[in-house]
Amino acid sequence: MKNLKNLKNLIIIVSFQISCSTPNETKINNTDLKDTSKENVTIEINFTKLTEVTKEIEINLQTIDYISKDDFKFGSKFKFSENINGNKLKIEIPKGKYVGSIGVKVSNTTPFYSNLSGLHTVYFGINEKRSKENIINEKCNSIESYSLRKLKYSKNSNFCDDLDVSNKKYSINFISDKKIDFNPTRTLTFTYVGVSIGLAKLFQHYQLAPILLISGYFGFIQNDIEIKSEILEEAL
């Protein structure tokens, strides 16, 4: 009963955190965003060779105004997170300069067999710790790494200068060359979890149930897919 009570309290706390947002934070509802004070600019996001996977896009942008070369202040936040069915998405944001990130996560699971997953994030004017950073190179810096928080989840990142839609429009293309790599860390982790739960006293008569449940949901074999990005700018 105590554990059930703690679980209920946790659900209430999480629900409260999700439902609350700061006054200057706006959720981007696809192309429905309207701002009467500024003209909106469209950002086009395309997905190439990503037709057989589930695609989830997450956008976190924040306006930035420069007082001087080394001094700036942040403004309104814009957030958007949704699963994408097609191969193209258009969002509208008011003209101005932004920092933040646009990322896509893909996955495809065949129950009791394998799971395919990949993550790519484009950072504008910030680093992975979401601290302000100036990109000196004209082109974005591409980095391939692994997310330890996601059990060695394959992750590709592009670090670019500020997203400046005051006089430019952007097109971002997330591309897969369908290169697939076996991920032993994630495979062994999910196998270990299934076996450990199966050996617990609670499942002493049904030891295969947790193993089959976990492998059915996540897949026995964990694979990574590489995703790259192209960022195109065009003067308005």
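Odds and ends about this structure:
- Boolean, Arg149 is outside any strand (DSSP E or B), modelled with pLDDT of 85 or more and either open to solvent by less than 10 Å² (accessible area, probe 1.4 Å) or of a type in the set (Lys, Arg) (or both): no
- Some residue of region 93-109 being of a type in the set (D, E, K, R), more than 14 Å from Val53 (Cα to Cα) and out of contact with any helix residue (DSSP H, G or I) (no Cβ under 7 Å at 6 or more places or on another chain): yes
- Only one of the numbered conditions (1) at pLDDT below 70; (2) hydrophobic (A, V, I, L, M, F, W, C); (3) surrounded by 12 or more Cβ atoms within 10 Å (Cβ to Cβ) is violated by Cys160, and that is (1).
- Qualifying residue in region 181-202 (condition: assigned to a strand (DSSP E or B) and open to solvent by 90 Å² or more (accessible area, probe 1.4 Å)): yes
- Some residue of region 70-93 being buried (at least 20 other Cβ atoms within 10 Å of the Cβ) and β-branched (Val, Ile, Thr): yes
- Restricting attention to region 110-144, the residues that are touching a helix residue (DSSP H, G or I) at 6+ places or on another chain (Cβ under 6 Å) and either open to solvent by less than 30 Å² (accessible area, probe 1.4 Å) or among the basic types (Lys, Arg) (or both) add up to 1.
- Test: residue in region 50-57 that is assigned to a strand (DSSP E or B), touching an Asp or Glu at 6+ places or on another chain (Cβ under 9 Å), loosely packed, with under 14 Cβ neighbours inside 10 Å and not aliphatic (A, V, I, L, M): no
- Residue check, Glu44 over 20 Å from Ile225 (Cβ atoms), within 19 Å of the chain's Cα centre (by Cα), modelled with pLDDT of 90 or more and surrounded by fewer than 17 Cβ atoms within 10 Å (Cβ to Cβ): yes
- Matching option when the condition is modelled with pLDDT of 80 or more and surrounded by 14 or more Cβ atoms within 10 Å (Cβ to Cβ), among Glu226, Glu233: Glu226
Each row is one residue, and each column tells you yes or no for (1) more than 13 Å from Ser114 (Cα to Cα); (2) among the aromatic types (Phe, Trp, Tyr); (3) surrounded by fewer than 18 Cβ atoms within 10 Å (Cβ to Cβ).
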{"residue": "Asn167", "(1), (2), (3)": "yes, no, yes"}
{"residue": "Tyr206", "(1), (2), (3)": "yes, yes, yes"}
{"residue": "Pro210", "(1), (2), (3)": "yes, no, no"}
{"residue": "Gly216", "(1), (2), (3)": "no, no, yes"}
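- Every pair of residues 6+ apart whose Cβ atoms lie under 6 Å, when the first sits in region 92-108 and is closer than 28 Å to Asp224 by Cβ while the second is crowded, with 22+ Cβ neighbours inside 10 Å and of a type in the set (Phe, Trp, Tyr): Gly100/Phe124; Ser101/Tyr123; Val104/Phe174
The values are calculated or read from the model by the stated rules, or taken from the named source; none is laboratory data. This structure is a prediction, so every number in the text was calculated from the model and none was measured. In this analysis, Cβ positions are derived from the backbone assuming ideal geometry, glycine residues included, and neighbour counts consider all displayed protein chains. The area values use the complete protein model at the heavy-atom level, side chains included, leaving out ligands, DNA and RNA. Shrake-Rupley method; radii C 1.70, N 1.55, O 1.52, S 1.80 Å.
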